[in-house]
Amino acid sequence: IEMKKVSKLYKSSKEEIVAIKDIDLSLEYGDDVAIIGPSGSGKTTLLQIMGGLSNPTRGEVRIDGVLINKGSDNKISQFRNKTIGFIFQNIYLQEYFTAKENVMLPMLIAGVSRKKAEEKARDLLEKVGLKNRINHKPSKLSGGEEQRVAIARAIANNPKIIMADEPTAKLDAENTDIILNILKDINKSGVSIIVITHDQKVAKNFHKQFYLDHGVMVDGNF
């Protein structure tokens with residue numbers, strides 16, 4: 001991932017709000033990174049731009065050499081689906097689908113056959129410790145279990161990068177440890193991990209740490 005002079009500005013009738021300012025960032029294959037900062041520091045905005053979910057006001061973002069803030073929405077969406085797995089704080093599971101069906105969705109969108117998608121979804125859910133919860137709907141799962149389904153969904157298409165926005169913010173200490181250990185195992189397989197967090201204890205689990213303060217990034221270890 002390479003970001004050059006990336007800024008995001010929001011304009012209202014009275015003022016101009018700077019969400020992030022002149023971000024330069026270069027990450028290598030297999031990096032594990034925490035971006036830490038308080039609420040309102042621009043962390044989520046940065047992640048959305050880094051993942052091609054939002055366009056910067058200025059600057060450019062490249063993943064694997066591909067300029068992801070230019071081009072058609074359809075082309076960028078296809079690139080994201082095959083390259084990046086997203087994990088969100090609010091999880092966003094489809095409540096009428098089972099855990100297995102939720103994990104199958106990105107594979108079906110990518111054109112994987114239903115049979116192969118179902119087989120892989122079972123394997124992934126077993127990998128994150130949910131062998132006995134495969135056919136449960138989100139309403140029957142705990143918060144930690146839902147987040148593990150979200151992780152399985154995020155890695156369904158063998159992404160090169162996992163981007164996670166506060167994946168442990170709503171979890172207790174035990175489930176936080178479970179989620180962090182799963183992410184570490186995924187990273188060992190060569191997948192880059194980028195985690196947004198406000199929690200320094202979570203950030204210390206990652207080799208690279210960056211602090212975001214009022215939209216400005218500072219390199220450092222905490």
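Ignoring the sites themselves, the chain has its longest run without GluC sites (Glu not before Pro) in a DSSP loop having at most 12 other Cβ atoms within 10 Å at 96-222.
Rounded to two decimals, the Cα radius of gyration of segment 112-184 over 2.2 N^0.38 Å is 1.10. Sorting the segments 190-196, 49-55, 34-40 by their residues' average number of neighbouring beta-carbon atoms within 10 angstrom, most packed first, yields 190-196, 49-55, 34-40.
About its Cα centre, the chain has a charge dipole of approximately 680 debye under the convention of +1 per Lys or Arg Cβ and -1 per Asp or Glu Cβ, with nothing else charged. Between Asp213 and Lys4, full extension at 0.36 nm per residue minus the direct alpha carbon distance yields a gain of 73.4 nm. Between Tyr96 and Ala169, the contour length at 0.36 nm per residue exceeds the Cα-Cα span by 23.8 nm. Against the longest principal axis of the chain, how steep is helix 73-83, in degrees 0 to 90 to the nearest 10, with axes from Cα atoms? For 73-83 against the chain, the angle is about 60 degrees. Extending 7 Å from the Cα toward the beta-carbon at both Leu108 and Ser139 defines two label points whose distance is 2.0 nm. With the simple spin-label model, which puts each label point 7 Å out from Cα in the Cβ direction, the Asp177 to Lys75 separation comes to 4.8 nm.
Using only Cα atoms, locate the centre of segment 148-222 and the centre of segment 51-107, then give the distance between them in Å, rounded to an integer. Taking the Cα centre of segment 51-107 as reference, the centre of segment 148-222 is 17 Å away.
For segment 1-132, the share of accessible area belonging to carbon and sulfur comes to 47 percent (1.4 Å probe, ligands and nucleic acids excluded).
Remark: spin-label model distance Lys188-Lys115 equals 3.3 nm, labels positioned 7 Å along the Cα→Cβ axis. Look at the dipole of the chain built from charges on Cβ: of Phe86, Ile23, Ile194, the Cα furthest out on the positive end belongs to Phe86. Summed over the residues of segment 115-203 and divided among them, the accessible surface reaches 47 Å² per residue at a probe radius of 1.4 Å. For segment 1-94, the per residue solvent-accessible surface stands at 54 Å², with DNA, RNA and ligands left out and a 1.4 Å probe. For the chain, a Gaussian network of Cα nodes joined below 10 Å ranks Phe86, Phe210, Phe97 by mean-square fluctuation, and the top entry is Phe97.
The values are calculated or read from the model by the stated rules, or taken from the named source; none is laboratory data. In this text the structure is predicted, and so the values were computed from the model without any measurement. For neighbour counting, all protein chains shown are included, and Cβ atoms are generated from backbone atoms with ideal geometry for every residue, glycine included. Ligands, DNA and RNA are excluded from the accessible area calculation, which covers all protein heavy atoms including side chains. Shrake-Rupley method; radii C 1.70, N 1.55, O 1.52, S 1.80 Å.
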